[in-house]
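Student: First the structure, then my questions, so here it is.
Coordinate-derived values only; no laboratory data. Since the structure is predicted, the reported quantities are computational estimates derived from the model, not experimental observations. Glycine gets a Cβ as well: all are built from the backbone with ideal geometry, and neighbour counts include every protein chain shown.
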Amino acid sequence: MSEDESITPRKILVPIKELGSNKECPICGQRLGFPALSRFDNETEVCSECGQIEGTGYLFSNFNDAQRELLMELPKFAAGVMTPWELHCIIINAIAGSRRGIAKKMEQSFDQLKHYEALRAKVVAGEITEKELSKHMKQD
Ligand SMILES: [Zn+2]
């Protein structure tokens with residue numbers, strides 16, 4: 001490897017998510033993409049992952065029988081406290097588990113990387129200086 005190759009900046013690979021809807025899923029907040037119809041009312045558009053969870057979440061989750069029964073009993077306890085839709089969102093997000101938070105954080109990180117990559121390109125093009133780039137990075 002030559003000296004030049006050793007200092008070549010590594011290309012950041014950011015997943016391309018340009019197809020489908022950019023609206024947020026009303027259940028999880030992630031990008032709708034190619035939405036599914038919610039089983040809740042058969043008209044609200046949800047992301048495909050929430051759609052899958054609605055369809056099979058009770059069967060294919062990490063919950064044991066007692067936890068699953070508690071989720072199914074929640075509507076009794078929450079009646080009058082929140083709307084059936086709000087309750088539905090809690091249950092679907094509970095089934096999805098903490099993995100959802102990680103996915104959202106990853107998406108935000110990829111957006112930030114794309115932003116830095118665009119700024120890096122401006123440095124290469126001579127539009128901003130290295131110092132201005134590091135100033136931007138400290139602000140974020
Ligand atoms: Zn969703």
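Student: Please arrange 41, 65 by how many other C-beta atoms lie within 10 Å of their C-beta, fewest to most. Could the numbers behind the result be given before it?
Tutor: On the way: 41 10, 65 7.
The order, fewest Cβ neighbours first, is 65, 41.
Student: Next up: What pairs in 23/76; 11/135; 76/105; 105/135 have C-alpha atoms more than 30 Å from each other?
Tutor: Details: 23/76 32 Å; 11/135 21 Å; 76/105 33 Å; 105/135 23 Å.
Beyond 30 Å: 23/76; 76/105.
Student: Which order, highest average first, do 44-50, 19-25 follow once you tally other Cβ atoms within 10 Å for each residue and take the mean per peptide? Could you put the intermediate results ahead of the total?
Tutor: Working: 44-50: 20.6, 19-25: 12.9.
Output ranking for 44-50, 19-25: 44-50, 19-25.
Student: Please list the equivalent ellipsoid semi-axes of the stretch 18-97, computed as the square roots of five times the alpha-carbon gyration tensor eigenvalues, in descending order and whole angstrom. Can you show the working numbers first?
Tutor: Details: eigenvalues 109, 44, 18 Å².
Value: 23, 15, 9 Å, ordered largest first.
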